[in-house]
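Shown next, in structure tokens, is the structure this report addresses.
Where a number appears in this text, it was derived from the coordinates with a stated rule and is not lab data. This is a predicted model, so every value here is computed, not measured.
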Amino acid sequence: MSHRPERVEQFIRDELSQILQREVRDPRIGFISVTAVEVSQDLRHARIFVSVLGDAAQKTETMTGLASAAGYIRRALGRRLQLRFTPELSFRLDESIERGARVMKLLGDVHSEDHGDAARSDRGDPPHRT
């Protein structure tokens, strides 16, 4: 089995990161990271997962800007790819980083609350209940 799709995904991810950082000048596109790329087996379609720093309005603006700049981004990518066809790009918002950060915060809160209960029990204070 060929590893070509995986190599193409990695190449597209690296090149898109540079294109978005250095070439795209749309003010709607905020701080963005390309988190993953999935290409179809025939390499004609690519799903680009991006993480956007900011609130919901900034994320919406960034995704609108990406949709608007998709043609330019595809042409810039096509100049760098050594493929017969440049994949059709579709951008998707990836919120997994934010979900992970939220889970880590919640776990930290539970951990600190547990330590607070342990400290109170060491002093003989009744446990804190919410």
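Convert each backbone phi in region 32-48 into a coupling constant with the Karplus relation 6.51 cos²θ - 1.76 cosθ + 1.60 (shift: θ = phi - 60°), then list the ³J(HN,Hα) values in order as whole Hz, x for Gly and Pro.
My calculation for region 32-48 gives 9, 10, 7, 8, 7, 9, 10, 10, 6, 4, 8, 6, 9, 10, 9, 9, 10 Hz in order.
Full extension from Gln21 to Arg80: what is 0.36 nm times the residue separation minus their Cα-Cα distance, to one decimal in nm?
Values: separation 59, 0.36 × 59 = 21.24 nm, distance 1.55 nm.
Difference between extended and current length: 19.7 nm.
Viscosity 0.692 mPa s, temperature 37 °C: what is the translational diffusion coefficient of the chain from Stokes-Einstein with a Kirkwood Rh over Cα pairs, rounded to a whole number of µm²/s?
Values: Rh = 17.4 Å.
For these conditions, the coefficient is 189 µm²/s.
Note the full-extension length gain between His3 and Glu113 as 0.36 nm times their separation in residues minus their Cα-Cα distance, in nm to one decimal. Before the final figure, lay out each step's value.
Details: separation 110, 0.36 × 110 = 39.60 nm, distance 4.76 nm.
34.8 nm is the gain from fully extending His3 to Glu113.
Report, by chain and number, residues whose modeled amide H sits under 5 Å from the one on Phe91, excluding near sequence neighbours (fewer than 5 apart, same chain).
Ile48
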